Every structure is written in C-alpha cells, then in structure tokens.
Amino acid sequence: MPGGRTHFVETCGLPISTYFSAMKLIWLMENVDAVKEGIKKKDALFGTVDSWLIWNLTGGVKGGLHVTDVSNASRTMLMNLKTLEWDKPTLETLKIPAEILPKIISNSEIIGKITEGWPLVGFPIAGCLGDQHAAMVGQACKKGEAKSTYGTGAFILRNTGEEVVHSTHGLLTTLAFKLGSKAPANYALEGSIAIAGAAVQWLRDSLGVIKSAGEIEELASQVDTTGGVYFVPAFNGLFAPWWRDDARGVCIGITRFTSKAHIARAVLESMCFQVKDVLDSMHKDAAGSEEEEFLLRVDGGATVNNLLMQIQADLLGSPVVRPADIETTALGAAYAAGLAVGVWTEEEIFASGEKSKSDTTFRPKLNEELRKKKVDSWFKAVERTFDLADLSI
C-alpha cells in the first residue's frame, strides 16, 4: 500500500495499526463466518462501544438507533477528519461496506430516548464522547490549552482549535470535540505514554519497594533529588514521540549511594519527563499558536500525588493546574449532555476552565540551568533504551 503505515494519515490522522477499529473489522470480515454471512444478508452492524450502548438503550432489535459520535468515529481510522463523515475512498480501499457503519453525530445533541426495559425510561441520551475527548471538555480546554490524564499510562491532548494540524513529531492528529450538530469542530494533537502509573505498580508488585501506590510520595520525598539516577520505563517499547518498539527499560546513574528513595523519585520523574517530551513535540507542531502563558491541566488518579505534580511543573517550567474534581471524563460527558438539553451554555462550560478557588496550581521552582541539565540527562537515558529488544534471557 503506497505510503505504508501512514497511507491514511492525511484523511483520518492515524497510522495503520491494529489498535484502531478498521483493522479489527477487516479481521472479523475475513475470519469469522458469522460476520461474513451477516454482512451478506444485510443483518450485521458494526460500531464502537458507544454504538452498542446507544443501540440497546434506544430499543435494540426493536428499532434501536445505530449511531456513533465524532470522537469515537475518529478512532476507527475510517472517518475523514475534515468532513466528519465516513471516508469513501478509505472504505473502498479496505472493502468495508458503508451500510454496516453507524451514523456519525456530534458530541452534544439529543440522540434518542431510553426505551422500556431500562431505568430512566423516556430520558434523553444527549452526550456522547470518547474518554480523553470527554476529559478535554471536562477540563474546558480551549485552543492552545493542553491536558494530561495520568493513569496506568498517560494521555496528553492539546486543542488546536478549528484547524487540523498534522504532526511531524510523532503525535496523532485527532478530533477534540464538536459540541452540537451545527457547532464547529475542535481538533487536537495527542500523544500517548504506555507506562506512567504502571511504573509505580511495578515498584509495588514486582519489586516490593512499596506496599501501596500511595506510599511512593512519602518515600520519594525523603530525598531532594534522584542522586543522578534516571529511570526510563520502556517495558514494552516507547510510545510518543519516540515510537521505538525495540526500546526496553533502563535505570542508569546508580551508585552505592543510591537508595530506594532515589529510585522512587526517579520513577516519578520518568512520568513527568515523558509528558514533557510529548508537550515539547506539541509546541513544535503548533508553532505560532502559543498562548501567552502555557499551563498544563491535569487529571487522573495519580494527580493526588503532590510531589509528582510539583516535579511536573519544575520539569516543564510551566504551571500545572489540578482541578478540585479530578474525575473530569465523567464531568465532560455531563457538560455535553447538559449543553444539549439547555442546562447551560458553551460559554458557561468554558468559563469553568478559568482558575477557580478550589483548583490547586503548582508553579515551577527549578531554575532554568538545572532544568536543562536534567533534560539532557534524560535524553541520554532514553537513548540507552534503544535496540535492546534482542537481549538474551
């Protein structure tokens, strides 16, 4: 296929990967007889999880609605980012029949009503978004603003406004949100980190350094620095912006002075360095559209760790803002639904992103010279992870 992995990037923003729905659908069509037969008899439908939920909630086989929202559709590899419709040339190339696909709708509109057999009969279904897209709305991220969700991995998205920005630095181009059928679409650059909080789990479960994830903050706080130790959690390769399948984890700079507190602090720093790598790539891709003072909005379970948040601010050289409610994904879905039924306006949603008294802001304390030295050391450590996949067991 001309273009190889990047053949469809111009239309859908995504590289060819089994991670996205299109490749899974092709496999089903080629390998599962029931699917082949269902498509032939026009008795098969395909969609993402949201499609399945809405179809069932609105009647299922008794007239259920077959829809998906733009954010989930953008992860199938089949939607044209500019038209926000299924891309006909892509469907033809991949031999996927358009009639099995759901109708694409916005993130905020009255989709249908819940039918008999479910709680809340007659209630409208009015908000539908993918996980990270909902978090962007929950964080009220406007153009130029970014958010990072810290979980087992980490997901960083930056709103590029109504412009589709194609990355030249290893990031994905995606839809951010479209809050209404007639509303303009907002787009985003996205970078994913495979191992963030999972590195803390590794310290706990595999090494027994800590007994619970919450203990890492106290342990890492026992030292002021990592003592020159750098940890890169490339357990299964590195994701954005490096994209190195051959990378494996390393811990360098160890001396007899090194304690488990230094290792714990290096693990926390590794999460923050990886987020910085992605954000630096975003700044390069979106050059010229910087806001006056960049700040990072954060959410996810790991953000309760104050030391982690302070380290993140120090390494970025920018403020990090943690909202009082860190469950921003659910909040974003609620915002979208409330907007559709008139509970609030879009202006009110995005005004909520202005710093409130209940938010916590972490400001950088590290001087610029030391920050640069630490970043250079991190790059040395990252380079040491390359070409290690064939190490003998």
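The values are calculated or read from the model by the stated rules, or taken from the named source; none is laboratory data. Just so we're clear, the structure is a prediction, and the values are computed from it rather than from any experiment. A quick note on method: Cβ atoms are made from the backbone with ideal geometry, for glycine too, and the neighbour counts reach across all protein chains shown. The area values use the complete protein model at the heavy-atom level, side chains included, leaving out ligands, DNA and RNA. Shrake-Rupley method; radii C 1.70, N 1.55, O 1.52, S 1.80 Å.
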Q) Of all trypsin sites (Lys or Arg not before Pro) in region 357-386, which ones are in loop regions per DSSP and have a Cβ with at most 13 other Cβ atoms within 10 Å? A) 357, 365
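Too long at a 21 Å Cα-Cα cut-off: which of 182/284; 143/284; 24/113; 40/113? It would help to have the intermediate numbers written out before the result.
Working: 182/284 31 Å; 143/284 15 Å; 24/113 30 Å; 40/113 31 Å.
Beyond 21 Å between Cα atoms: 182/284; 24/113; 40/113.
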Q: Express the Stokes-Einstein translational diffusion coefficient of region 4-105 in µm² s⁻¹, to the nearest whole number, given a Kirkwood radius over alpha-carbon pairs, 20 °C and a viscosity of 1.002 mPa s.
A: 153 µm²/s
Q. Which residues does a label at residue 142 reach in region 166-188, if reach means a backbone N under 19 Å from a point 7 Å past the Cα toward the Cβ?
A. 176-180, 183-188
Q. When DSSP beta bridges are limited to those with both residues in region 129-392, what percentage is antiparallel, rounded to the nearest 5?
A. 75 percent
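When the accessible area of region 302-393 is computed with all protein chains present and a 1.4 Å probe, what percentage of it is carbon and sulfur?
Result for region 302-393: 54 percent of the exposed heavy-atom area is carbon or sulfur.
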Q. Taking only C-alpha pairs under 8 Å that are 6+ residues apart, what is the relative contact order of region 4-105 in percent?
A. 30 percent
Q: Only Cα pairs under 8 Å and at least 6 apart count here; give the relative contact order of region 1-56 as a rounded whole percent.
A: 16 percent
Q.
What's the magnitude of the charge dipole for the chain around its Cα centre, counting Lys and Arg as +1 and Asp and Glu as -1 at the beta-carbon? Answer in Debye, nearest 20.
A. 500 debye
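For a Förster distance of 56 Å, can you work out the FRET efficiency between the beta-carbons of residue 245 and residue 121, rounded to the nearest 0.05?
Values: r = 49 Å, r/R0 = 0.88.
Efficiency at R0 = 56 Å is approximately 0.70.
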Q: Could you work out how far apart the two model spin labels at residue 84 and residue 131 are, taking each label as a point 7 Å from the Cα in the direction of the beta carbon, and quote it in nm?
A: 2.4 nm
**Q.** trypsin sites (Lys or Arg not before Pro) restricted to region 150-228 and DSSP loop, no more than 15 other C-beta within 10 Å
**A.** 182, 211
Q.
Just to be sure I understand the model, the point goes 7 Å from the Cα along the line to the Cβ. What's the resulting residue 351 to residue 205 distance in nm?
A. 4.5 nm
(Q) What does the charge count around residue 390 come to, taking other residues whose C-beta lies under 13 Å from its C-beta (Lys +1, Arg +1, Asp -1, Glu -1)? (A) -2
Q: Mind telling me which of 197, 342, 332 comes out most flexible in a GNM of the chain, alpha-carbon contacts under 10 Å?
A: 342
(Q) Going 7 Å from the Cα of residue 61 along its beta-carbon direction, which residues of region 90-122 have the amide nitrogen within less than 18 Å of the resulting point? (A) 115-118
Q: Count charges around residue 104 for me, please; just the other residues with Cβ under 9 Å from its Cβ, Lys/Arg as +1, Asp/Glu as -1.
A: -1
Q) Looking at region 321-393, which GluC sites (Glu not before Pro) are DSSP coil and have at most 16 other C-beta atoms within 10 Å of their C-beta? A) 327, 354
Q: Counting helices only, and only those DSSP H runs with n ≥ 4, report the 222 nm mean residue ellipticity of the chain as the sum of -39,500 (n - 2.57) divided by its residues, in deg cm²/dmol to the nearest 500.
A: -10500 deg cm²/dmol
Q) So, counting K/R as plus one and D/E as minus one, what does the shell of residues with Cβ under 13 Å around residue 124 add up to? A) 0
Q) Which residues in region 138-175 have a backbone N closer than 11 Å to a point placed 7 Å from the Cα of residue 19 along the Cα-to-Cβ line? A) 154-156, 171-173
Q | Counting all C-alpha pairs of region 79-182, share separated by more than 22 Å (%) | A | 48 percent
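Relative contact order, percent, of the chain when contacts are C-alpha pairs under 8 Å separated by at least 6 residues?
Values: 759 pairs, mean separation 63.8, N = 393.
Answer for the chain is 16 percent.
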Q: Hey, can you find the accessible area per residue of region 129-392 for me, probe 1.4 Å, expressed in square angstrom?
A: 44 Å²
